Structure formats: C-alpha cells, structure tokens
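Q: The following block contains the structure, expressed as structure tokens.
The values are calculated or read from the model by the stated rules, or taken from the named source; none is laboratory data. All values derive from a computational prediction rather than experimental measurement. When we count neighbours, we look across all protein chains shown, and the Cβ atoms used for this are built from the backbone with ideal geometry, even at glycine.
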Number of protein chains: 2
Amino acid sequence: MSQAPVLIAGQWRTAKSSAIFQAENPATAEKLAGEFPVSSWPDCEAALDAAVEAAAVLRTIPPEQIAKFLTRFAERIEARKADLVDVAHAETALPKAPRLGEVELPRTTNQLRQAAAAAIDGSWAMPVIDAKVNIRSMLAPLGPVLIFGPNNFPFAYNGVAGGDFAAAIAAGNPVIAKAHPCHPGTTKLLAEEAFAAVGETGLPPATVQMIYHVEPADGLRMVADPRLGAVGFTGSRTAGLKLKAAADAVGKPIYLELSSLNPVVILPGALVERNEKIVEEFTGSCLMANGQFCTSPGLTILFAGANTEKFIAGVKAKLEGATPTTLLSRGVANNLSASVKILQAAGAEAVTGGSELGGNRFANTLLRVSGDAFLASPEKLQTEAFGNASLTVVVRDVKQALEVLTHLEGNLTGSIYSDTRGSDDAVYEKISPLLRERVGRLLNDKMPTGVAVSPAMNHGGPFPATGHPGFTAVGIPAAMRRFAMLQCFDNVRPHRLPAALRDKN
Amino acid sequence: MSQAPVLIAGQWRTAKSSAIFQAENPATAEKLAGEFPVSSWPDCEAALDAAVEAAAVLRTIPPEQIAKFLTRFAERIEARKADLVDVAHAETALPKAPRLGEVELPRTTNQLRQAAAAAIDGSWAMPVIDAKVNIRSMLAPLGPVLIFGPNNFPFAYNGVAGGDFAAAIAAGNPVIAKAHPCHPGTTKLLAEEAFAAVGETGLPPATVQMIYHVEPADGLRMVADPRLGAVGFTGSRTAGLKLKAAADAVGKPIYLELSSLNPVVILPGALVERNEKIVEEFTGSCLMANGQFCTSPGLTILFAGANTEKFIAGVKAKLEGATPTTLLSRGVANNLSASVKILQAAGAEAVTGGSELGGNRFANTLLRVSGDAFLASPEKLQTEAFGNASLTVVVRDVKQALEVLTHLEGNLTGSIYSDTRGSDDAVYEKISPLLRERVGRLLNDKMPTGVAVSPAMNHGGPFPATGHPGFTAVGIPAAMRRFAMLQCFDNVRPHRLPAALRDKN
C-alpha cells in the first residue's frame, strides 16, 4: 500500500514523513484502506516558503479571478459528490443522506459561492477615503493562513474547503490546510478538487496546500513561524490553547473555535405553556448529529418544580426511545465517556444513559444536578461532554439561576425560553443581560443547533468559546475580516493606490 | 503634604496604597509638589467591582447621553486649559505653546467630540439585519476597559482623556485609567473634569475611575481579572509584552501600541531631485517633540553614493544647528542613552551627537551603519532609541535594500521617497510590497510624524508595533471597534432587541 501524497508547492508529492497512519471506520472499528503520512518539519517548511511566494502573487490578482476559483471549486465538489460522500461516510459514520450529501455538502459549496460574491463585491474590506487629508485605508490580505479543521464537519469546516478556507482565500490569502486525522481521505479528495480548480483558474499553484498530519511540536512551530500571516483552528480546547499560546507569544493572529456548552435557560412559564413542545425541540437538538455539533445544548438551567420534573421525564422517555448512532471516532467515544465520568464525580446524576454501548456508541444521556451542587463545583460541571450527553441544572429560584449564570464561561450561544403571555418577562429581564455578555449568539424560544450561513450570524463568542469576542467564524463577509490587516495609504501617489481606494470611489 | 486622592467607585478618596511617589520636573530635575499613591490590590479590586456595576447600567443608557458626557468633558477641558497646560508643562517639559495648548489639547477635545458624534451615529457598531431568517447582529460594549496611557502625550493619549478613553466610552464601556507616573498631576486634573462631567450628564458614577500607579504584579493581576472586558496600553515594549502575556493567557482582548522605528526609504532619484527639501523634512520630523513621537523616523534606508553623503551631511548640519530640548523624563533620557549605546555596540557610528548633555537632554543624534553591518545584526540594530536620535542604513544596492527590508519587524508606518520623473519607479515597485506588509500606514514623499485624526487613519500595524494588525488606535469610528464584542440575536422577540436591530432599521 503506497502512502498518499501531500500537496505542497503546487505538486502532489511523497511526504517527508516521520510516521504513517490510517483512518478508522468508526462504525466497524476497522482500519480503512490508505496510508497517510505524518509530515515532518521539512514538509512544513516547504509549504511555508511556497505560501509566501503565492501570497505575493495573490496580492496582484484581481478579486474576480479569486472568485472564479471559489466558484469553480464549488462546482467540482458538486461533480465529485458521490465519491466525497462515500469516503466521508466511511471515515466519520455520518449518514450519507440527508446529512453529508443533502445538508453539509450544499452548505460547503454555498459558503464558497458566498465568499466568491463577497470577494467581487469588495465591501468586506471596508475602504475609507478621506480625500481632504489624502489618507485612505482598507483591509488587505495578511499572508498565508494555516487552517486546522475539526473532526465533526468533514466538508463544511474542512481546512481545505470549509468556512475558514473560503474566508481566507476570498480575503486574498493562500491556505495551508492541515487535515483532521480522522478524515484524511475526504480531505485528500477535496484538496484534489481545490488544486484542479487552482489550475483551471490560473491562481498561483501554492494558493492551496495540504498536509494530513504533523507532530504536535511541528504544529506549534508552524503557528509561530514568521512566514505565516494567521491561523484558523476549530477543535478541542486542549489543543487549541497550546496553539494559542504559541501564536500569542509572537503576536500572530489566531482565530479559535474551542468548546461551548451552549446554555439553555427554560423559564417556568414556558414549561407551563408548552412543555411537550420544548421536550421535543430540546431532544431533537441534543441528538442532532448525535450531539456532535459545536452548538449542541450541553447545559440547561431549569427551575425546580413539578413542570421541570415533567420536562425531565419527557426528555428521558424521548432519549430512551431513540437509538444512539455511531460517534465520529474512537477518540470522541473515549472523551465522551471520560467527560461524563467527570460530571458524575462532580455530583451530576444520570437520569438516563451514562454508559458506553460498544462500537463507538454511547447511550443517549441526560444528567442532572442541583443548583447548590453546581455552585459547589462550577468549573468541573462545565466540562464539555461532546456527543449525545447533556446536563440539566435544577435551580431553586431566580436568585440561584442568576448565581449559576455568573459562573458560566464564555459560550458560542445561549438560549432563553419564556412563555408568550408575559409571566416570564420579569425573570427574562434579569437573566438575559447576564447571559448576553457570556455568549456570541442569544436565542429566544429556539435551540442553538443549526448555524445559518447569514451575514448576520455570529458563530463566535467570549473566551474560552473562541479567542476573541469580536470575530465570527461563520457569516460572510464578517468571517473574512479575520484574515486581514488594516492598511492605510497616506499621501500615496494615485496610480500606486489599490483600485478600491482611488478617487473615483 | 497630603496624598492625592484616587477616583474609585464614584468617590475621590484616600488610596489604599503601598507606597507614594512624586513627579519630577524634567527640566529642573526637582521633585514637584504633590504626593501620589501607588495603589495596592484593594484599590484595584474596588475599581473593578464598581466598573462591573457601571457597565451594566451603561448598557441601558442611550448613546445620546454618553455623547453628552463626551462633549461636556471636552468643554470642561477647554475651560481648564490654563491649569492643564501649566501642570503638564511642569511634569513633561513639553512646550506650553504651541504644543500643549494649541496642538495637543485641541486634538484631545476633537477626539472626544468625534467619539460623541460616532456614538450618536451608531454605524460604528455595524448592525446587520437578516430579516428572512430573523437573525441580527451588531457590535456591543464588552465591559470595563483598563487603559494605560503613555508618557509622551499627557492629554491626547492620557488614560482618562485620550484616544483609547474616548473610543472605549463611546462604545459604551466604563474606563479604569491608570495614570502615567510621569504626569500624575495632569491626569488628576483631567480625571476631575471627567468626573464632574459624569455627574452633570447623569452617567453611572464609576463610568470613569482613575488610579495613579500600581505595583507591576497588581497591574498583571488586573489585566487578567475576569471582571475586565479589555485593556488598552500605549507604552514600552517590555511592559506591554508582560501585560499581553497576562491578558492572552485568559483570552482577554488587549490592544497595545508598542515600539516603532517607522522606516523611511529614500530612493536615489529623490535625492537627485530634492536633496535639501528632504533634509529639511527629515530633520524636522526627527526633532518634532524632540523625537518623542511613536511615529518618529528612527531608521532610514539610503543608497550608497554621493547624494546620500550630501544628504547625511545636510542632516548633520541641521541637527547640529538645533538646540536639543529637555526630554520627557529622567527615564526617557536614560533609555535613550542606553539604546544609542546598544546601536553603537552593534556597529552604528555617530555622524553627530551620541552623548548626554545633562539636565535630561541628549545631543541631537544621527547614527549610520552599512547595509552589510545591519544584516549582520538586524535585531540589535532595530533597538528603538526613543528621543532625538535616528539611524541611517546605507545599502549597497537595491538587492541589499530588499534584504534589509525582509529583516524589518512590524512597524506603525513606513515611508518611501521617490523622484517625480519616474527614475525611481522600478525600484519603488520592488520595495513597496515588502514595506507594505510590515507597516500599518504607508506614506509617499512624506515623513511619518503627524497622525491625523481621520476615519481613514491607521495608527496600528503588525506585531510588535501592536498586538493585532487589524485594529487602529486612532481614527473614529474604527478605534471604537476594539472595545466591543459581536452580539448576535437569533429569533429574539422584537421588543427585546436593541433599537438598532429592530425592523424599522
């Protein structure tokens, strides 16, 4: 079996590797065909050098040509849909339909096309012309972007095709993608299509580069390398914080999407008014993608009482009636099991589930803890259990709910359910300011899963959900602004100005 | 002599201090009247608590009221001009006129008024409404901002009145200002006027708080405190990087303005065409404020030849004909002397000056080094010599100029002088891309000093000039966006939305 080639400096070539690995079919626990290299430093070095050259050329290329590439890449992904869905299904156990083929793949090509349109439109760069003093400024590409994609979206967040990729390229930067080692085959196919589209549209060959894996030390070294302009990372908090420290030490912009519990607060009146409907929505959201979304509701605050008991019983019944599906990988299964144990050790009790089922499956799990117990151990009880497990915190009263909220870390989202007749309004007014400042997206009467690709979206939030509360990873054009520097032109002669800053604008 | 009070939680009160200090008149080296406390942790803690309360109230206050405060504060500064100029002059040795009274004070009130207008206008927050999916987002205040002002602008960058202050308040955040210990008396006067304006306009009393000094460990502790939303710092690289590390470790946004050499490249044709004019401009820029601007030209790249020798001789004569004035403080004088020694030890030779003159004055200094010598020690030869000293690098040819440029760190500005008849154009094309990506503001035929308060300004740049290349410290409204988080509202009921996100918009 020959080693899969890496894409470096415009060539598919044998990696300079320190080791090889194989992907695993999470449903069967069998190794999948195909050996993939763990690139050693010379591969990283070669990619960085080539990216610097590509960056210089890209700065001179009109946005229309970059847009053509993004569009052509989207078309090629669509043309290769069957292969992509097959390989991604084998590597992740995510359903071929509707998930991979009908939802995630169209989302991916939609993002690429939105990015293409934004590149042409140009307003993402926020040009400002002060003709009186002859000073002009706009956002501009900031150099090669290294993107680490996560395990849970093999297409839509893939380092070589996903949201960060689309944003970085549309802003005019070359990308070095590091595949997620759980789906190297999917990433290889996407990189093949990206590279073919690069060739078809005449971009510099190293506009898109891809390696499958690196040793952790080389990852940290790359992130701190002066040749790199910025980093995008979606993944675990542990890995992300190490990369952040390495980038911060050298002042390199790094955009992280780390963990999130996505707290949901369900006020008493809402449970009086529509208990069963909320049970339905909550369970659906918890089990969507088997709980493996960044926005899965991991922590719910409920007010002690009969309606809450009814709600919990309702959720329990639903969860027990649904068949757990295979998790994304052995690693996800192991982490989920370990996290649930941490939550239990900190005082959470299993209402249902709490145990592994074998075959990388985990029983649909609902945990509960009192407000008192939560406040005794707020840090441990915010351990993210990524997968089909969720914790409810049953508080005594509004005062305790507010106290729980003040202990919440930064999150991507926060939801509040209230009744429609006004009985919850006074409590809403107290709760919402505390939740608002701790989350990037505040929802009403809606579960957090489902991240629309809208220009108004914020898929971001305060640390440790991300590394900076001012940026979003989803939503064109805002997501593009992460991969840009502010460039000012002071008294620069007219013919030397970027087109967008000339007087006719 | 009684200790000056600190402004905490809406009261001027005695500090809980660990030590006292006095300001020094840099011109006479005498201690100035007035004892100022070094606040200990309980003061910091009290300020943080009060700021959190003020932040919650400020979120509910209409921007018009915040704008009224900014405007009223500007008026009060103008009414107290005589006192402010007297005290600032005594503490900094900067000339009363035109500098303090006619330039810096009007700049300060102009910034406050521009911030007021931007707060009312509201477009700084970039509201986006996607009515189809009922998702809306905008930038919003992110909580108390701690501002460390620098030594070199007692008004315009003061933590309690300067650009960061105006931006943070206009974005809706309370400010905790740490005075620069070189001008505590000036800062006290400004804080008095700010606090009076807070009272007159009905903002929460702790909207503005001020302490004079803290122990370094308490500064680091404050920066990392969860009650704080963000930090603004303008000052030395050493102090700034320590604060950055503390903030980064807890994911706290910190905006830094650190050192900058502001490279100037003078192409051969420009020296043929207008040697004397450029000598004049360069010398004027170097000596402006005695070289104590963040944008003072500290490193000039010249091409070996007779015209460059003529230029250097011209600058030498001008510098020797100008009388050095008193530096901002004993610390600035000592650092300047030490930095010039480092440059000399690394191979730079003094064309003129290079020595202390006593009384916190330093001889106007021009150093020179060959391109070869620069490339042998590029890091040491980028030591910032803050004050009236500047280094010229005389390169052999274009190739060497490009090599020197690739070794430059991130800077606030970069200037290129070229002739107007086209003989420099080919070289310009090679040099400008390299310089462009290393600086926040690129200038043509213009020295970097003089930072217009324009919406198109970028007073920022790649690390280590600042901590993030996407933000500017000067320029309303862009500077306000630093002190904000992105808030998205998904399906939030209409009456609960911020005014700017309602359907009528």
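Q: Which residues, counting only those in segment A:124-161, are part of a strand (DSSP E or B) and more than 16 Å from A:Gly229 (Cα to Cα)?
A: A:Val128, A:Ile129, A:Asp130, A:Ile135, A:Arg136, A:Ser137, A:Met138
Q: From the list B:Glu91, B:Glu53, B:Glu35, B:Glu102, which one is without any contact (Cβ under 8 Å) to a residue 12 or more places away in the chain and among the acidic types (Asp, Glu)?
A: B:Glu102
Q: If you go through segment B:401-410 one residue at a time, do you hit one that is within 11 Å of chain A (Cβ to nearest Cβ), at pLDDT 95 or above and in contact with a Phe, Trp or Tyr (Cβ under 6 Å, 6 or more places away or on another chain)?
A: yes
Q: Sticking with this one: Against the definition (touching a Gly at 6+ places or on another chain (Cβ under 7 Å), farther than 30 Å from B:Arg502 by Cα and buried (at least 24 other Cβ atoms within 10 Å of the Cβ)), how does B:Gly149 come out, yes or no?
A: Taking the combined requirement at face value, the residue satisfies it.
Q: Any chance you could count how many residues in segment B:356-386 are closer than 20 Å to B:Cys286 by Cα and in contact with a Ser or Thr (Cβ under 8 Å, 6 or more places away or on another chain)?
A: 15
Q: Let me ask something else about it. Quick check, is B:Gly475 under 14 Å from the mean Cα position of the chain (by Cα) and either within 15 Å of B:Leu261 (Cα to Cα) or part of a loop (DSSP other than H, G, I, E, B) (or both)?
A: Taking the combined requirement at face value, the residue satisfies it.
Q: Any idea which of B:Leu486, B:Leu497, B:Leu443, B:Leu501 is under 29 Å from B:Val103 (Cβ atoms), in contact (Cβ under 8 Å) with a residue 12 or more places away in the chain and either more than 10 Å from chain A (Cβ to nearest Cβ) or not aromatic (Phe, Trp, Tyr) (or both)?
A: Of B:Leu486, B:Leu497, B:Leu443, B:Leu501, the one residue that is under 29 Å from B:Val103 (Cβ atoms), in contact (Cβ under 8 Å) with a residue 12 or more places away in the chain and either more than 10 Å from chain A (Cβ to nearest Cβ) or not aromatic (Phe, Trp, Tyr) (or both) is B:Leu443.
Q: Is it fair to say B:Ala74 is away from every other protein chain (no Cβ under 14 Å) and out of contact with any Leu (no Cβ under 7 Å at 6 or more places or on another chain)?
A: no
Q: Pick out the one residue from B:Arg237, B:Arg227 that is under 14 Å from the mean Cα position of the chain (by Cα) and charged (D, E, K, R).
A: Answer to the selection: B:Arg237.
Q: Could you list, in sequence order, all residues of segment B:478-500 that are outside any loop (DSSP other than H, G, I, E, B), of a type in the set (D, E, K, R) and more than 18 Å from A:Met126 (Cβ to Cβ)?
A: Answer for segment B:478-500, where residues must be outside any loop (DSSP other than H, G, I, E, B), of a type in the set (D, E, K, R) and more than 18 Å from A:Met126 (Cβ to Cβ): B:Asp490, B:Arg496.
Q: Another one. Those residues that are crowded, with 22+ Cβ neighbours inside 10 Å and free of Cβ contacts under 8 Å to residues at least 60 places away in the same chain, I need them from segment A:287-310; list them, please.
A: None; the set is empty.
Q: Could you check, for segment A:490-504, whether at least one of its residues is polar (S, T, N, Q) and crowded, with 24+ Cβ neighbours inside 10 Å?
A: no
Q: Out of all the residues in segment B:324-338, which are among the polar types (S, T, N, Q) and either touching a Cys at 6+ places or on another chain (Cβ under 9 Å) or closer than 15 Å to B:Leu94 by Cβ (or both)?
A: B:Thr325, B:Thr326, B:Ser329
Q: Might you let me know whether segment B:317-334 holds any residue that is closer than 29 Å to B:Thr406 by Cβ and not β-branched (Val, Ile, Thr)?
A: Within segment B:317-334, none of the residues are closer than 29 Å to B:Thr406 by Cβ and not β-branched (Val, Ile, Thr).
Q: Additional query: I'd like the full set of residues that are touching a residue at least 24 places away in the same chain (Cβ under 8 Å) and within 27 Å of the chain's Cα centre (by Cα), limited to segment A:10-27.
A: A:Phe21, A:Ala23, A:Glu24, A:Asn25, A:Pro26, A:Ala27
Q: Select from segment A:60-94 the residues that are surrounded by fewer than 16 Cβ atoms within 10 Å (Cβ to Cβ), of a type outside the set (S, T, N, Q) and more than 13 Å from A:Thr109 (Cα to Cα) and list them in ascending order.
A: Of everything in segment A:60-94, those that are surrounded by fewer than 16 Cβ atoms within 10 Å (Cβ to Cβ), of a type outside the set (S, T, N, Q) and more than 13 Å from A:Thr109 (Cα to Cα) turn out to be A:Pro62, A:Glu64, A:Ala82, A:Asp83.
Q: Please determine, by comparing only the residues of segment A:416-440 that are part of a loop (DSSP other than H, G, I, E, B) and either small (Gly, Ala, Ser) or closer than 29 Å to A:Ser123 by Cα (or both), which one is farthest from the other protein chains (Cβ to nearest Cβ).
A: The selected residue is A:Ser423.
Q: Tell me whether segment B:406-413 contains one or more residues that are over 24 Å from B:Ala338 (Cα atoms) and in a helix (DSSP H, G or I).
A: Within segment B:406-413 (the criterion being over 24 Å from B:Ala338 (Cα atoms) and in a helix (DSSP H, G or I)), the answer is yes, since at least one residue qualifies.
Q: May I ask you to list the residues in segment A:446-469 that are buried (at least 23 other Cβ atoms within 10 Å of the Cβ), at the interface with chain B (Cβ under 7 Å from one of its Cβ atoms) and either outside any loop (DSSP other than H, G, I, E, B) or touching a Lys or Arg at 6+ places or on another chain (Cβ under 7 Å) (or both)?
A: A:Ala456, A:Asn458, A:Pro462, A:Gly467
Q: Within segment B:1-25, count every residue that is assigned to a strand (DSSP E or B) and more than 29 Å from B:Leu203 (Cβ to Cβ).
A: Qualifying residue count for the region: 6.
Q: Further, regarding this structure: Among the residues of segment B:218-226, is there at least one that is within 11 Å of chain A (Cβ to nearest Cβ) and in contact (Cβ under 8 Å) with a residue 12 or more places away in the chain?
A: Yes, segment B:218-226 has at least one match.
Q: So, one more: Among the candidates A:Asp164, A:Asp86, which residue alone is part of a helix (DSSP H, G or I), at pLDDT 95 or above, under 24 Å from A:Arg237 (Cα atoms) and more than 14 Å from chain B (Cβ to nearest Cβ)?
A: Of A:Asp164, A:Asp86, the one residue that is part of a helix (DSSP H, G or I), at pLDDT 95 or above, under 24 Å from A:Arg237 (Cα atoms) and more than 14 Å from chain B (Cβ to nearest Cβ) is A:Asp164.
Conditions (1) on the phi < 0 side of the Ramachandran plot; (2) out of contact with any Leu (no Cβ under 9 Å at 6 or more places or on another chain); (3) buried (at least 21 other Cβ atoms within 10 Å of the Cβ), marked per residue:
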{"site": "B:Ser377", "(1), (2), (3)": "yes, yes, no"}
{"site": "B:Ala385", "(1), (2), (3)": "yes, no, yes"}
{"site": "B:Leu391", "(1), (2), (3)": "yes, no, yes"}
{"site": "B:Asp397", "(1), (2), (3)": "yes, yes, no"}
{"site": "B:Leu402", "(1), (2), (3)": "yes, no, no"}
{"site": "B:Tyr417", "(1), (2), (3)": "yes, no, yes"}
{"site": "B:Thr420", "(1), (2), (3)": "yes, yes, no"}
{"site": "B:Ser423", "(1), (2), (3)": "yes, no, no"}
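Q: Right, something else. Do you know which residues across segment A:311-325 are surrounded by 15 or more Cβ atoms within 10 Å (Cβ to Cβ) and either in contact with an Asp or Glu (Cβ under 6 Å, 6 or more places away or on another chain) or in a helix (DSSP H, G or I) (or both)?
A: Listed by number, the residues that qualify are A:Phe311, A:Ile312, A:Gly314, A:Val315, A:Lys316, A:Lys318, A:Leu319.
Q: Just to be sure before I move on: is A:Arg113 within 14 Å of chain B (Cβ to nearest Cβ), over 21 Å from A:Ala55 (Cα atoms) and of a type outside the set (Val, Ile, Thr) in the structure I sent?
A: no
Q: Looking at (1) more than 26 Å from the chain's Cα centre (by Cα); (2) touching a residue at least 24 places away in the same chain (Cβ under 8 Å); (3) more than 14 Å from chain B (Cβ to nearest Cβ); (4) not in a loop (DSSP other than H, G, I, E, B), find the lone condition where A:Gln344 falls short.
A: It is condition (2) that A:Gln344 fails.
Q: Only one residue in A:Gly251, A:Gly199, A:Gly229 is without any contact (Cβ under 8 Å) to a residue 24 or more places away in the chain and either crowded, with 24+ Cβ neighbours inside 10 Å or within 14 Å of chain B (Cβ to nearest Cβ) (or both), so which one is that?
A: A:Gly251
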